[in-house]
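Heads up, the thing below is written out as structure tokens.
The values are calculated or read from the model by the stated rules, or taken from the named source; none is laboratory data. A quick note: this is a predicted structure, and the numbers were derived from the prediction, not measured. Cβ atoms come from the backbone with ideal geometry, glycine included; neighbour counts cover every protein chain shown. Remember, those area values only see protein heavy atoms, side chains included, never the ligands or the DNA or RNA. Shrake-Rupley method; radii C 1.70, N 1.55, O 1.52, S 1.80 Å.
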Amino acid sequence: MRSHDAVAVEPLTRLSRMPEYGVERHERDPRGWTVVNGRGNKVGEVKDLIVDTGRMTARYLDVELDTKLFDWRGDDPHVL
């Protein structure tokens, strides 16, 4: 993570809610990556990074599932 100024934020925060921070240039940004299951079938896409603000590292990937592939009954198809 990189930043110009320190900001008080929650212990876990979406990177998209921290506009002054970003993925370091030498690191790969997984947002937009396709998520596949063990058989190689697409099941979703990485939408955001969940940042541990105490360590300033990405802790989780926010994945939006393809709801057509699951018996999805919830409102929000995002999983970590």
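Given a 1.4 Å probe and every protein chain left where it sits, what share in percent of the accessible area of the chain is carbon and sulfur? It would help to have the intermediate numbers written out before the result.
Numbers: 2780 of 6030 Å².
The computed percentage sits at 46.
Using per-residue counts of other Cβ atoms within 10 Å, averaged over each peptide, order 67-73, 12-18 from highest down. List each step's numbers first, then the result.
Values: 67-73: 9.3, 12-18: 14.9.
My ranking of the peptides, most packed first, is 12-18, 67-73.
Take every Cα pair under 8 Å whose residues are at least 6 apart in sequence, average their separation, divide by the length of the chain, and the relative contact order is 24 percent.
Note on the chain: with charges restricted to the Cβ of Lys and Arg (+1) and Asp and Glu (-1), its dipole about the Cα centre is near 260 debye. Looking at the chain, the accessible area is 75 square angstrom per residue; that uses a 1.4 Å probe and ignores ligands, DNA and RNA.
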